[in-house]
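K.L.:
This is the structure, below, for whatever I ask next.
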Amino acid sequence: MAIIQSSDQKLKKGKGELTITHLLTPKELTDKCEMFAKVTIPVGASLDIHSHIGNTETYYIIQGEGLYNDNGKDMKIGVGTTTFCADGEKHGIENIGNEDLIFIALIINS
């Protein structure tokens, strides 16, 4: 059994700055996955709408409330929600709550 040391990455890919805590390194992900991480979006911040080409992305919300954009359609989401962005589709998310929006993100290569 291996213990993985997580690493934080700050990003500005929308309003404000978000933190990505990488839970696995490229060594563990091999070529099957691009990312397995915890994402923290502060109040009022967002992750811009972006496309997935050659991979899919799943979010599992563990704290807060968000406005999730699924190919141009906005919907409110919260704790326990799972989203899925298929290969070739677009999505984005904004924190619309009064606490950090935290979710697990998994990007799987197609």
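Bear in mind these aren't lab numbers, they're just calculated from the coordinates by the rules spelled out. Only a predicted model underlies this, so the values are computations on that prediction, with no experimental measurement involved. Positions of Cβ are backbone-derived with ideal geometry, glycine not excepted, and every protein chain shown enters the neighbour counts.
K.L.:
To the nearest 20 debye, what is the magnitude of the charge dipole of the chain about its Cα centre, counting +1 on the Cβ of each Lys and Arg and -1 on the Cβ of each Asp and Glu?
P.N.:
For this selection, approximately 120 debye.
K.L.:
Please give the length that would be gained between M75 and I104 if that part of the chain were fully extended, namely 0.36 nm times their separation in residues minus their C-alpha to C-alpha distance (nm, one decimal).
P.N.:
So the chain would gain 8.6 nm between M75 and I104.
K.L.:
With each pseudo-label sitting 7 Å past Cα toward Cβ, what's the D87-I62 distance in nm, one decimal?
P.N.:
Those two pseudo-labels are separated by 2.8 nm.
K.L.:
A further question follows. Return a whole-number percent for the relative contact order of the chain, with Cα pairs under 8 Å and 6 or more residues apart as the contact set.
P.N.:
After rounding, I find 31 percent.
K.L.:
Using the crude model of +1 on Lys and Arg Cβ and -1 on Asp and Glu Cβ, and no other charge, please compute the dipole size for the range 38-79 relative to its Cα centre, in debye to 20.
P.N.:
Computed about the Cα centre, the dipole is about 80 debye.
K.L.:
Right, here's the next one. Tell me, in nm to one decimal, what length is gained between E17 and T30 on full extension, where the rule is 0.36 nm per residue of separation less the Cα-Cα distance? Write out the running numbers ahead of the final one.
P.N.:
On the way: separation 13, 0.36 × 13 = 4.68 nm, distance 2.80 nm.
This chain segment gains 1.9 nm when fully extended.
K.L.:
Next question, about the same structure. Going down the table (K12/K32; K15/K38; K12/K73; K10/K32; K12/K38), which pairs top 20 Å between alpha carbons?
P.N.:
K12/K32; K12/K73; K10/K32
K.L.:
If r is the Cβ-Cβ distance from D48 to I4 and R0 is 35 Å, what FRET efficiency results, to the nearest 0.05?
P.N.:
It comes to 0.80.
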